[in-house]
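Values quoted throughout were computed directly from the atomic coordinates according to the rules given, and no laboratory measurement underlies them. Here the structure is a predicted model, which means the values were calculated and not measured. For neighbour counting, all protein chains shown are included, and Cβ atoms are generated from backbone atoms with ideal geometry for every residue, glycine included.
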Amino acid sequence: MKQKLQDGRFPEALKAMDEKQLALLSYEIREYLLDTISKTGGHIASNLGVVELTLALHKVFDSPKDKIIFDVGHQSYVHKILTGRREQLKGVRTIDGISGFPKRSESPHDMYDSGHSSTSISAAAGYAAARDLKGEHYCVVAVIGDGALTGGVAYEALNCAGNSGSPMIVILNDNEMSIDKNVGGMSQHLKKLRTSSAYIDFKKKMKHTLKGIPRVGEGLYSGMEHLRDSLKYAIVDGAIFEEMGFKYFGPIDGHDIHELIDILSLVKTMDEPVLVHVVTKKGKGYRNAEMNPGKFHGIGAFDLNTGSPLSVSTHPGYSRVFGEKLLQLALCDPRIVAVSAAMVEATGLLPMSRALPERTFDVGIAEQHAASFAAGLAISGMKPVVAIYSTFLQRAFDEILIDVCMQNLPVVFAIDRAGNVGNDGETHHGHFDLSYLSLMPNMTVLAPADGKELEEMLEYALTLSGPCAIRYPRGEAVPLHECFAPGQRQAGDIQRLPVSSGRPQLLLDGSDVILCAAGRMTGEALKAAELLRQKGISARVIDARFIKPLCADDYRTIFDTRLPVVTIEDNTERGGYGDQVLHLRQAQEKPGRQLCIAWPDAFVSHGSTALLMKKYKIDAEGIAERVERFLEGKA
């Protein structure tokens, strides 16, 4: 059977396969996914869960003429295998390899660049409207998960698409998971649909009985449609999708090839909006992923037998440091509450959710709601800490600006995965938070250089009377003292300043150039300073700590030295820390040379963070090289 996956000309070859061959192919695909992703890392659980569904989609529909749009894209690996990228999957998420998400530049079968959730129905509605306006004829299919369906934009799209009446198909892939377990009203509604055995049994029995009546059975079955719908409303508690203008089919077993092909072949012919509710199991076929789908949502290289990661961290991650410190503080202050957008475990909130479940709120994939919800908590005297990945917090820009900052409310935003996140690429890099948060009035923006500073900043942020954002990277919280070279230890006479001082911290003195670094780039600046020392260049290193506000007196002192200043940050060059320093320099009318080292004004592709930093000369070696050229007047 392996020969079919290797030699088959997909997706065309699927048309000639019978259901038994497709079922066998599903086993081969799962084996290939596990063998490949265990070596490269990636999103494995979600892809194992959609093998049969993806096979059925490509069996029934004619991609790329028919448009199949995957929400988020975590589940697109099977689609990539079936559209000519089987071998390329071996380099998924690596520099110059294929993306872990759908990319229009990769294949004509990828209809929409995705990576953030809840947008597929909107995109599909746009495709359908354009098709109708141009008088074209093709099917439009949006594949969305039940986790993504907790996002508000999905309901805006359902409302619009259902009201339009334009033919399109929404496949609801219901596996009861996003990254964490799904929560909220829609999750409960879908549970009722999945477990409404009374309706499902009635439907099956009625179909079997009526169609068994000679000559008139088919007509009777069709004529009972109104009665079946009435019973559906009575038994299934409202059939919300039909109220929004969609013809509802389901629940369907998402691992039954025969049933999937039957239902997709039927809805393909319908001239109205249709929603097919498919129930799948995340991690299907791999026991480790089935038992712990959250762990295998996105994972690095792992041992296939045990499921254990191949790389072992030597230091706790920033998420863990944050979560443990927050719980410690919350146990001492009953006003502290935590808010997550479907990422309790991923953002480090699991200890607090277990110890203080009544004070840990998971609002689902609803970042906008999370920010406004936190505003209401703050007005009512609580101290909300909102833990969200940087890339997803962008979706709540307006709520942070208006609901939190305009009202100057004490909401703390704990911004995980800030800066470059590596293999997930453009849609997941947190390259923009320093820029968009710094422009908001009343907002304090902090960037810890290591785990100890993160703890201090969290404690400090909870004392403020206005909003505060603490942004920290993915990965290990390497103690800053480990970044000093052996002969470069901080001088004992350098004063250690508490975060509450609001001032940057001098780490290393120097007489030729001043390196002002933000967040995790402070460690790279110390390493770069050692490389420069070896070339006879003495660099002073400053840990910025505060991105906004900048301490005017300290930076005036920096500018008064007349030494060249280099700002270093894990953010886009536009509007970030470097721009804040330059703006303050201009406001103080202090002339001087300044170089901003940051990510370019562009969308940075995928690859390991270390290799991307090397490519863009933002690692220690690249910084040292750029500083040397800058001092020579070549940059």
Relative compactness, the range 479-539, computed as alpha-carbon Rg over 2.2 N^0.38 Å: 1.10
Computed curve, the range 318-471, Cα-only Debye sum without solvent term, log₁₀ I(q)/I(0) at 0.20 Å⁻¹, is -1.31
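Sorted by mean Cβ packing within 10 Å, highest first, what order do the peptides 445-455, 43-53 take?
43-53, 445-455
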Listed residue (Ser435, Ser308, Tyr616) projecting farthest to the positive dipole end of the chain, Cβ model: Ser308
Over all directions, what mean area does the Cα convex hull of the range 482-631 project, stated in square nanometres? 9.1 nm²
For the range 407-565: Kirkwood Rh in Å [reciprocal of mean 1/r, alpha carbons]: 16.5 Å
The relative contact order of the range 482-631, taking Cα pairs under 8 Å that sit 6 or more residues apart, comes to a percentage of 23 percent
Would you mind computing, in nm to one decimal, how far apart the modelled labels at Val604 and Lys535 are, each placed 7 Å from Cα along Cα→Cβ? 2.1 nm
Farthest toward positive dipole pole in the chain [+1 Lys/Arg, -1 Asp/Glu at C-beta], among Val339, Pro467, Leu275: Leu275
So what's the convex hull volume per residue for the Cα atoms of the chain, in Å³? 177 Å³
May I ask you to compute the full-extension gain from Gln488 to Asp253, defined as 0.36 nm times their residue separation minus their alpha-carbon distance, rounded to one decimal in nm? 78.3 nm
Please give the Cα centre distance for the range 79-126 versus the range 421-438, rounded to the nearest Å. 20 Å
Nearest 0.05, what FRET efficiency do Lys134 and Arg574 give at R0 = 41 Å with Cβ-Cβ as r? 0.65
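Give me the net charge of Thr567's neighbourhood, meaning all other residues with Cβ under 10 Å from the Cβ of Thr567; Lys, Arg count +1, Asp, Glu -1.
After counting each charged neighbour, the total is -3.
Write down the Å³ per residue value for the convex hull defined by the alpha carbon atoms of the range 80-173. The partial results should precede the final answer.
On the way: hull volume 10.1 nm³, N = 94.
Taking the convex hull of the Cα positions in the range 80-173, it is 108 Å³ per residue.
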For peptides 585-597, 160-172, sequence by mean Cβ density within 10 Å, most packed first: 160-172, 585-597
12 Å tail of the calculated P(r), the range 88-142, as % of Cα pairs: 71 percent
Between the helical axis of 577-587 and the dominant principal axis of the chain, each derived from Cα atoms, what acute angle in degrees is found, rounded to the nearest 10? 50 degrees
Here the range 426-441 yields Karplus 3J(HN,Hα) values (6.51, -1.76, 1.60; θ = phi - 60°; whole Hz; Gly and Pro given as x) of 3, 6, 10, 4, x, 7, 10, 5, 4, 6, 7, 7, 5, 7, 8, x
How far is helix 318-332 tilted off the main Cα axis of the chain, in degrees rounded to 10, range 0 to 90? 80 degrees
Dipole of the chain (Lys/Arg Cβ +1, Asp/Glu Cβ -1, origin at the Cα centre): which of Ile44, Ile415, Phe484 lies farthest to the positive side? Ile44
From largest to smallest, what semi-axes in whole angstrom does the range 340-401 give when each is the square root of 5 times an eigenvalue of its alpha carbon gyration tensor? 18, 15, 8
Magnitude of the charge dipole, the chain, Cβ model with Lys/Arg +1 and Asp/Glu -1, debye to 20: 720 debye
Between the alpha-carbon centers of the range 368-391 and the range 281-345, tell me the distance in whole angstrom. 22 Å
For the range 411-464, the dipole about the Cα centre with charges only on Cβ (Lys and Arg +1, Asp and Glu -1), to the nearest 20 debye, works out at 160 debye
Quick one: angle between helix 225-236 and the longest Cα principal axis of the chain, in degrees between 0 and 90, rounded to 10, please. 40 degrees
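How big is Rg to Rh over the range 412-489, alpha-carbon atoms, Rh as the Kirkwood inverse-mean-distance radius?
Taking Rh as the inverse mean 1/r over Cα pairs, Rg/Rh reads 1.03.
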Is the range 1-141 best put as rounded, prolate or oblate by its Cα gyration tensor, with a ≥ b ≥ c the root eigenvalues, rounded for a/c under 1.5, and otherwise prolate when a/b is larger than b/c, oblate when not? oblate
Zone residues, the range 76-116, relative to Glu12, backbone N less than 11 Å from point 7 Å out along Cα-to-Cβ: none
With only alpha-carbon atoms in the gyration tensor, what are the semi-axes of the equivalent ellipsoid for the range 401-457, in Å, largest first? 22, 17, 9
Sites Thr557 and Ala23, calculated FRET efficiency, Cβ-Cβ separation with R0 51 Å, nearest 0.05: 0.10
Once every DSSP H run of n ≥ 4 in the chain is given -39500 (n - 2.57) and the sum is divided by its residues, what mean residue ellipticity at 222 nm do you get, rounded to the nearest 500 deg cm²/dmol? -11500 deg cm²/dmol
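Please give the contour-minus-distance gain from Tyr155 to Leu310: 0.36 nm per residue of separation, less the Cα-Cα distance, rounded to one decimal in nm.
51.8 nm
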Ranking request for peptides 421-428, 141-148, 82-89: highest mean number of other beta-carbon atoms within 10 Å first, then the rest in descending order. 141-148, 421-428, 82-89
